[in-house]
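To start, the structure under review is shown below, and the notes come after it.
The values are calculated or read from the model by the stated rules, or taken from the named source; none is laboratory data. Source: prediction; values computed, not measured. Cβ sites come from the backbone with ideal geometry, for glycine too, and all protein chains shown count toward neighbours. Only protein heavy atoms, including side chains, enter the accessible area calculation; ligands, DNA and RNA are left aside. Shrake-Rupley method; radii C 1.70, N 1.55, O 1.52, S 1.80 Å.
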There are 2 protein chains.
Amino acid sequence: MNIGEVSQRSGLPAKTIRYYEDIGLVTPLRGANGYRRFRESDMHKLLFLARARQLGFSIEDCRDLLALWEDKGRASADVRAIAQGHLTRIEARIADLRAMQATLADLVCACAGDARPDCPILQDLARD
Amino acid sequence: MNIGEVSQRSGLPAKTIRYYEDIGLVTPLRGANGYRRFRESDMHKLLFLARARQLGFSIEDCRDLLALWEDKGRASADVRAIAQGHLTRIEARIADLRAMQATLADLVCACAGDARPDCPILQDLARD
DNA sequence: CTTGACCTTCCAGTGACGGGAAGCCCTATC
DNA sequence: GATAGGGCTTCCCGTCACTGGAAGGTCAAG
């Protein structure tokens, strides 16, 4: 398979796939013409990566997850620890965003949003 | 005021304040020794920026908000539009994160997390 | 033989800074 | 007056995970 087909089948942009090779997440073969030649196993890795990235795992998390996936003698505890750490970070991020959302929603609600200059949003940002 | 005091009073790192000058958000004066000299008005701007950034506004949003703040004849509708757009993006981001969180929480819950290799998390990531 | 799609590498930019080097300035102390 | 220390300056590189674009090689169809 050339990169175009892999890109289609995985949903990952070709640029991203090349990047993943650069940083050592996949190592496709090379044809005589210099083109990358992807095996089915490369395809599987890329699908795995695409799904892990969709779940918001960092590239380094993905690297570790891939290694555990390949390691048939792994302990599921190691996988769980990565996922748990990621989940905790996501929950913290959600809490932050929800705080922003609450404040912003209040402010937007309090602002008339008309042609006059008085604006509770700016007042709040400029409060002393 | 020198940058150190401004940094203390605003809570912004000195590096960040220099960066804000670089991109034209504040323009402190300069002393004969080359040091930045901040006026009270610069201080107010930086506090304004710090609060807007805490609410997650992008730098470009902040630039626009600052301009509106300075413009005494502004329409509050313009401010509200920026805040509303930002709020919408935050809500979308929260929705994304909540989807990740739900999936991850399920997977973490389903994984024994012991010394054995079988792991629903990896199974899900590698599903065909 | 040409066209156009596909592939290659390399370089630069994103957002919003942070780290660190090299060097000047100011104050206090000896 | 020398020195030590802290604060200030600029400059450049690194972050994260790509994305865009330029310049050029390769392949299949007409």
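Solvent-accessible area of B:T27, all protein chains in place: 90 Å² (probe radius 1.4 Å, heavy atoms, ligands and nucleic acids excluded). Here the Karplus curve 6.51 cos²θ - 1.76 cosθ + 1.60, taken at θ = phi - 60°, turns the phi angles of segment A:54-64 into couplings of 4, 7, x, 4, 6, 4, 5, 4, 4, 4, 5 Hz, with x standing for Gly and Pro. For segment B:26-36, 3J(HN,Hα) computed residue by residue from phi via the Karplus equation (6.51, -1.76, 1.60; θ = phi - 60°) reads 9, 9, x, 6, 10, x, 4, 7, x, 6, 5 Hz, glycine and proline entered as x.
Entry note, chain B: relative contact order of 14 percent, from Cα contacts under 8 Å with a spacing of 6+ residues. Taking amide H atoms as placed 1.01 Å from N in the peptide plane, the amide H of B:R37 lies under 5 Å from those of B:L29, B:R30, B:G31, each 5 or more residues away in sequence or on another chain.
Of A:D124, A:D42, A:D64, which has the most accessible area and how do the rest follow, probe 1.4 Å? Walk me through the numbers before you get to the answer.
Values: A:D124 45, A:D42 5, A:D64 75 Å².
Heavy-atom accessible area, descending, gives A:D64, A:D124, A:D42.
Please give the per residue accessible area of segment B:83-123, computed with a probe of 1.4 Å over protein heavy atoms only, in Å². Accessible area per residue: 51 Å². Contact order, relative form, for segment A:1-57: 36 percent (alpha carbon pairs under 8 Å, 6 or more residues apart, mean separation divided by residue count). For the interface of B with A, what's the total buried accessible surface in square angstrom, probe 1.4 angstrom, rounded to the nearest hundred? Its buried surface, counting both partners, is about 4400 Å². Note on segment B:1-58: with neighbouring protein chains present and a 1.4 Å probe, carbon and sulfur make up 47 percent of its accessible heavy-atom surface.
Using the beta-carbon distance between B:A115 and A:R98 and R0 = 35 Å, what value does 1/(1 + (r/R0)^6) give for FRET efficiency, to the nearest 0.05? After rounding to 0.05, the efficiency reads 0.40. Largest accessible area first, the residues A:K15, A:K45 order themselves as A:K15, A:K45 under a 1.4 Å probe with ligands, DNA and RNA left out. Considering only B:L66, B:L46, B:L29, the Gaussian network model of chain B with Cα springs below 10 Å gives its largest mean-square fluctuation to B:L29. The label-point distance for A:D64 and A:R30, in a model that sets each label 7 Å from Cα toward Cβ, rounds to 3.2 nm.
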